[in-house]
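Presented below is the structure to which this report refers.
The values are calculated or read from the model by the stated rules, or taken from the named source; none is laboratory data. Everything numeric here is computed off the predicted structure, so don't read it as measured data. All Cβ positions, even for glycine, are placed from backbone atoms using ideal geometry, and neighbour counts span all protein chains on display. For accessibility, only protein heavy atoms count, side chains too; no ligands or nucleic acids. Shrake-Rupley method; radii C 1.70, N 1.55, O 1.52, S 1.80 Å.
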Amino acid sequence: MPFLGQDWRSPGWSWIKTEDGWKRCEPWTEGLEGENNRCGASHGIILNSEDEEIFNNEEHEYASKKRKKDHFRNDRNTQCFYREKWIYVHKESTRERHGYCTLGEAFNRLDFFSAVQDARRFTYVARLLQLIAKSQLTSLSGVAQKNYFNVLDKIVQKVLDDHQNPRLIKDLLQDLSSTLCILIRGVGKSVLVGNINIWVCRLETILNWQQQLQNLQMTEQVDSGLTLSDLPVHMLSNILYRFSDGWDIVTLGQVTPTLSALSEDRRLWKKLCQYHFGEKQFCRHLILSEKGHIEWKLMYFALQKHYPTKEQYGDTLHFCRHCSILFWKDSGHPCTAADPDSCFTPVSPQHFIDLFKF
């Protein structure tokens, strides 16, 4: 039986780009040849007969610009559909609710964009993004991945502007770039939502951010008022005892000679070790000096490599065991329990991820 019309198995028409738009290539004629000469060879022709694509340098540049433009539209123009202070976490379908809440849905709906601007929540959000980058990046949906990189962009720009918490963000970008390198090299074996070119562009953006943070210069602030070095020694010592991160103590000790001497206090590092680690862990990694004294500072950094440290945050998400609602502490939620405060549990970044593991 003869086919009526064009064969559906044919490869399709050949097209050429002109000043007036794309036109279909008819059998080669002198008129078409003249028109092609007027348009210039820079546009190129796709030859379906040999299944080959002929690109020159200008077309490579055009394709690269188009790829980056699509990536910019794909990531920057994403609408954040939700800015909620609390969400209901359900893990199975019921008559009232169908489906279940995923990690990506929670990341989309909770108000992480505003949390970045809050100094109390900044460290919490950055730590959560770091944990997602290590193990849960591929579990996010396409929209959640876009929101992830939008929030990350906002975090990096904030650090570049106010010069606060650069070390924390450097660690986050290092873990994220390592994960993306592994996923991109193993494309086909791993699950990446979206075109591979988008992920290559995202990796390039991360490397650019790392370079900007590496070149970040702290500007010296000129202030005629009271400075940190004007405080009495006992107040400076009290400030150091409030720190829970050993690297912060080391960094502050580089400011002035007085702070340098205070940062080497053995009692300071002993309390820091006792806060983060237990006695059994001390015995396994005991470090003694030549005089037989315990080197608490060296022990802290040695223990830090083997055991997780306690994390402190100004504000965290909370989970209501009675209502199964995840919420920011300041905003609260409409709890129906008789004693709501007894139902609230602080949610660490790791606990946040564990809530959505099935």
Practice problem: List every residue pair whose Cβ atoms lie under 7 Å apart, where the two residues are 6 or more positions apart in sequence or sit on different chains, the first residue falls within the stretch 129-156 and is closer than 14 Å to Leu173 by Cβ, and the second residue, located anywhere, is not in a helix (DSSP H, G or I). | Solution: Tyr148/Leu140
Quiz item: How do the pairs read when you match residues in the stretch 238-253 that are closer than 11 Å to Leu268 by Cβ with residues anywhere that are among the aromatic types (Phe, Trp, Tyr), using Cβ under 9 Å and keeping only pairs 6 or more apart or on different chains?
Solution: Gly246/Trp269; Gly246/Tyr300; Gly246/Phe301; Ile249/Phe243; Ile249/Trp269
Quiz prompt | Counted residues, the stretch 246-300 - those being among the hydrophobic types (A, V, I, L, M, F, W, C) and open to solvent by 40 Å² or more (accessible area, probe 1.4 Å) | solution = 9
Practice problem: Scan the stretch 310-327 for residues that are out of contact with any Asp or Glu (no Cβ under 7 Å at 6 or more places or on another chain), surrounded by 14 or more Cβ atoms within 10 Å (Cβ to Cβ) and touching a residue at least 40 places away in the same chain (Cβ under 8 Å) and jot them down. | Solution: Glu311, Tyr313, Thr316, Leu317, Phe319, Cys323, Ser324, Ile325, Leu326, Phe327
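From the list Phe344, Phe352, pick out the single residue that is modelled with pLDDT of 85 or more and open to solvent by 30 Å² or more (accessible area, probe 1.4 Å).
Numbers: Phe352 fails: open to solvent by 30 Å² or more (accessible area, probe 1.4 Å).
Every option except Phe344 fails the conditions.
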Quiz prompt | Lone qualifier among Leu131, Leu152 - being at pLDDT 90 or above and touching a Pro at 6+ places or on another chain (Cβ under 8 Å) | solution = Leu131
Practice problem: Assess whether Leu176 counts as being closer than 24 Å to Asp248 by Cα and touching a residue at least 60 places away in the same chain (Cβ under 8 Å). | Solution: no
Practice problem: Tell me, yes or no, whether the stretch 224-243 has at least one residue that is within 30 Å of Leu180 (Cα to Cα) and either at pLDDT below 90 or over 24 Å from the mean Cα position of the chain (by Cα) (or both). | Solution: no
Exercise. Tell me, yes or no, whether the stretch 214-234 has at least one residue that is crowded, with 17+ Cβ neighbours inside 10 Å and not in a loop (DSSP other than H, G, I, E, B).
Key: no
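Conditions (1) of a type outside the set (A, V, I, L, M, F, W, C); (2) over 19 Å from Val250 (Cβ atoms), marked per residue:
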{"position": "Arg284", "(1), (2)": "yes, yes"}
{"position": "Glu290", "(1), (2)": "yes, yes"}
{"position": "Met299", "(1), (2)": "no, no"}
{"position": "Pro308", "(1), (2)": "yes, yes"}
{"position": "Thr316", "(1), (2)": "yes, yes"}
{"position": "Ser331", "(1), (2)": "yes, yes"}
{"position": "Asp341", "(1), (2)": "yes, yes"}
{"position": "Phe344", "(1), (2)": "no, yes"}
{"position": "Phe356", "(1), (2)": "no, yes"}
